[in-house]
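What follows is a single structure, written as structure tokens, with notes after it.
The values are calculated or read from the model by the stated rules, or taken from the named source; none is laboratory data. From a predicted model like this one, the values you see are computed outputs, not experimental measurements. With ideal geometry, Cβ positions are generated from the backbone for all residues, glycine too; neighbour counts draw on all protein chains shown. SASA here: full protein model, heavy atoms, side chains in, ligands and nucleic acids out. Shrake-Rupley method; radii C 1.70, N 1.55, O 1.52, S 1.80 Å.
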Amino acid sequence: VSAARGYRLAAELSWLAPARARFARMRREGRLPHGLLIPGAPGLGKAAFADWAARLVLCDLSEDEPCGRCGSCLLHAAGNHPDYAWITVAEDKRQIAIDDIRELNGGFALKSLRGGWKVGVVSPADALNPSGANALLKTLEEPPASTLLLLTCHRPEALPRTVVSRCQRLRIAPPAPDAARAWLAGQPEAGAGELLDLVGGGPLAALALAQEGGVALKKEFGEIIGALLAEEGVDLVQYADVAAKNRPADRMRLIEHWLGEAIRQALTGEATGAKPLPDGRLRRHIKALYALLDETRRAQGLLARGAANAQSLFEGVLLPLATLLSGRGPGMVDRKT
Ligand SMILES: [Zn+2]
């Protein structure tokens with residue numbers, strides 16, 4: 001979400017309405033803190049919300065909704081508001097640059113150029129490294145008057161406690177699954193609704209995955225599972241090779257999600273997927289399924305750090321899974337790669 005586009009997007013995301021109302025009330029009642037943590041699952045539009053909130057605080061005219069016409073709103077829309085800083089991860093980086101935080105601190109130490117608030121957004125704060133967080137702490141510990149820091153984050157528990165303890169929280173709740181699917185059905189990308197569970201309920205995350213071909217990846221993996229259940233020949237080594245080279249993180253997440261659903265189905269007897277699984281077979285091997293689920297999570301951690309042995313990570317999950325689904329027993333489940 002770019003800073004100039006975020007506030008417009010926020011108005012289109014219906015599930016942000018309670019958070020927007022809460023923030024507007026805090027502002028109206030003069031209860032804005034200096035640091036506001038905005039936690040929530042990925043793909044809920046936290047950055048868009050933060051940008052909208054910043055625009056509202058800076059707006060010269062309105063209290064509940066940025067007016068869109070005043071000098072402040074126009075500067076914000078043009079992306080060059082002098083009292084607004086938008087800090088995120090540079091495209092080719094994985095962490096927020098400490099120099100950007102230092103610049104933010106420097107800006108906050110100066111008087112507001114338009115005589116009102118100064119607002120900074122750090123999004124996502126999960127991408128702060130320890131020195132970045134430490135630098136940010138300086139401003140949070142001694143905030144100048146009329147300054148507001150908005151920190152979006154996926155996992156507040158991963159942020160330094162010193163930072164979290166100096167912020168109020170405004171959590172973004174995910175929409176109900178039906179509401180999320182209804183919203184996705186109105187988007188140009190077909191099939192995004194069926195990726196919602198996979199991404200943890202964030203509609204924008206489902207949409208992004210659909211735009212990157214996630215629907216086809218899911219269908220392909222479903223066909224492999226179908227073939228394994230039917231005990232048709234599947235070249236899993238070749239699939240592992242392809243998976244390692246093409247979207248390995250998304251594919252491993254698909255496998256993790258499938259295993260989670262299979263375990264749930266085996267335990268509750270409820271079929272959630274299009275096709276019910278042979279639950280007797282799965283229930284017999286529930287421990288092995290849990291072990292494979294753990295393995296997919298470990299593999300995702302390794303993939304995120306750029307593991308060189310991606311193919312063997314896939315084989316380490318898929319080959320034992322094939323054995324389980326064939327009904328022959330846990331077999332090679334304990335194999336470590
Ligand atoms: Zn305005």
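For this structure, a couple of remarks:
- Net charge in the neighbourhood of Gly186 (other residues with Cβ under 15 Å of its Cβ; Lys, Arg +1, Asp, Glu -1) is -2.
- Over the C-alpha trace of region 104-244, radius of gyration and Dmax come out as 22.3, 72 angstrom.
- Whole-Å distance, taken between Cα centres, linking region 190-211 and region 213-266: 17 Å
- Nearest-ten-degree value, helix 286-304 long axis tilted from longest Cα axis of the chain: 50 degrees
- Normalised contact order of region 1-85, rounded percent, pairs of Cα under 8 Å and 6 or more residues apart: 34 percent
- With the convex hull drawn around the C-alpha atoms of the chain, the volume per residue stands at 147 Å³.
- Straight-distance candidates among the aspartates and glutamates for linking to Lys287, with alpha-carbon spacing under 17 Å and chain neighbours fewer than 8 residues away dropped: Glu256, Glu261, Asp279, Glu295, Asp334.
- Solvent-accessible heavy-atom area per residue, rounded to whole Å², over the chain at 1.4 Å: 48 Å²
- Carbon + sulfur, % of accessible area of the chain - ligands and nucleic acids excluded, 1.4 Å: 52 percent
- A helix-only calculation puts the chain at -16000 deg cm²/dmol for mean residue ellipticity at 222 nm, using -39500 (n - 2.57) for each DSSP H run of at least four residues, averaged over all residues.
- Seen against the Cα atoms of the chain and their longest principal axis, helix 17-28 is set at about 20 degrees.
- In terms of packing, defined here as the mean over residues of other Cβ atoms within 10 angstrom, the peptides 200-213, 38-51, 71-84 line up highest first as 38-51, 200-213, 71-84.
- Student exercise, the chain dipole from Lys, Arg, Asp, Glu Cβ charges, in Debye to nearest 20: 860 debye
- When every Cα-Cα distance of region 166-304 is counted in 5 angstrom steps from zero, the calculated P(r) takes the values 2, 9, 16, 19, 20, 16, 10, 4, 2, 1, 0, 0 percent.
- Area accessible to solvent at Glu270, 1.4 Å probe radius, in Å²: 100 Å²
- Relative contact order for the chain, counting Cα pairs under 8 Å that sit 6 or more residues apart, in percent: 16 percent
- Accessible surface ranking for Asp100, Asp178, 1.4 angstrom probe, highest first: Asp178, Asp100.
- Radius 11 Å from Cβ of Asn129, net charge of other residues (Lys, Arg +1; Asp, Glu -1): +1
- In degrees, nearest ten, helix 46-58 long axis to first principal axis of the chain (Cα): 10 degrees
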